[in-house]
């Protein structure tokens, strides 16, 4: 007798079985890995760099801390963290090995090699012991996780008491008119850029759709609290196109 009650989730605007999503997301990032950093610059007109710097400003890395950067792919956040925290170490964990390989090719990776580890792993089942890290970051990755709440629970598990979670993710603009204009840009321009620059329109169509399916700022803050974190706060970036969420393992 077969079980026809499989749990479903979303892959962009598609409804898919939960068991299929991880492989589909893996396919997206495997296809775009070599052009990922270039596309980030083009899509955001370089503003993603400002957002990541704002993340570091709020995070205030300290010397000797241990960072886990999940969905960290090409190492952008880990490199920024290590440059601000002498003697710190960073582990970049990503489910897509080709993204990690692209990160390891970057010049920063060579100069920081002794402080960096690159690990293939799943955000919902991290291959690390309890209370292993001082800081957990995830940037533009959590919306691609099949079960976001499971990923937040794992973040809480691997952080030490007093550890900090920080999430940078695309979010929702509070103004309906601005959201309408942003939607027009996202759906009409970004997939075309993906085709021209990365030769892959479908992957960038998915990435745009996945932003619209992600919870708004208040809803996501509630999910972080549900995972056990305290002092949960968020800051909007560029009027809410992106948002930073912070929480502490108290």
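A short reminder: the numbers here are calculations on the coordinates, not readings from a lab. This is a predicted model, so every value here is computed, not measured. In this analysis, Cβ positions are derived from the backbone assuming ideal geometry, glycine residues included, and neighbour counts consider all displayed protein chains.
Of all DSSP bridge pairs formed entirely within the chain, close to 45 percent run antiparallel.
Between residue 183 and residue 83, residue separation times 0.36 nm minus the direct Cα-Cα distance comes to 32.5 nm. Residues 164, 212 in ascending order of nearby Cβ atoms (within 10 Å, fewest first): 212, 164.
When the gyration tensor of region 94-238 is built from Cα positions, what are the square roots of 5 times its three eigenvalues, in whole Å, from largest to smallest? Don't skip to the end; give the middle numbers.
Details: eigenvalues 154, 107, 34 Å².
Over the Cα atoms of region 94-238, the semi-axes work out to 28, 23, 13 Å.
Cβ-to-Cβ counts within 10 Å put 136, 185 in ascending order as 185, 136, the fewest first.
Between region 196-239 and region 139-187, the C-alpha centres lie 3 angstrom from each other.
Given the choices (1) -0.22, -0.80, -0.94; (2) -0.33, -0.85, -0.97; (3) -0.25, -0.83, -0.95, log10 I(q)/I(0) by the Debye sum over Cα atoms at q = 0.07, 0.13, 0.14 Å⁻¹ derived from the coordinates of this structure is entry (1).
The distance between label points at residue 14 and residue 213 comes to 1.0 nm (points 7 Å beyond Cα on the Cα→Cβ vector). With Cα atoms as the point set, region 161-212 shows a radius of gyration and Dmax of 14.6, 46 Å. Identify the residues of region 146-170 with backbone N under 20 Å of a label point that sits 7 angstrom from the Cα of residue 132 along the Cα-to-Cβ direction, or state none. Taking a point 7 Å out along Cα→Cβ of residue 132, the residues of region 146-170 whose backbone N falls under 20 Å are 146-167.
Would you calculate, for the chain, the mean residue ellipticity at 222 nm contributed by helices, counting each DSSP H stretch of 4 or more residues as -39,500 (n - 2.57) and dividing by all residues, to the nearest 500?
Values: 10 runs with 111 residues, N = 250.
Theoretical 222 nm ellipticity from helices: -13500 deg cm²/dmol.
Size of region 35-132 from its Cα atoms: along the principal axes, largest to smallest, the extents are 38, 28, 26 Å.
Expressed in nm to one decimal, what extension gain is obtained for the pair residue 113 and residue 22 from 0.36 nm per residue of sequence separation less their Cα-Cα distance? All intermediate terms of the calculation are to be shown ahead of the outcome.
Numbers: separation 91, 0.36 × 91 = 32.76 nm, distance 2.90 nm.
Working it through step by step, the gained length comes to 29.9 nm.
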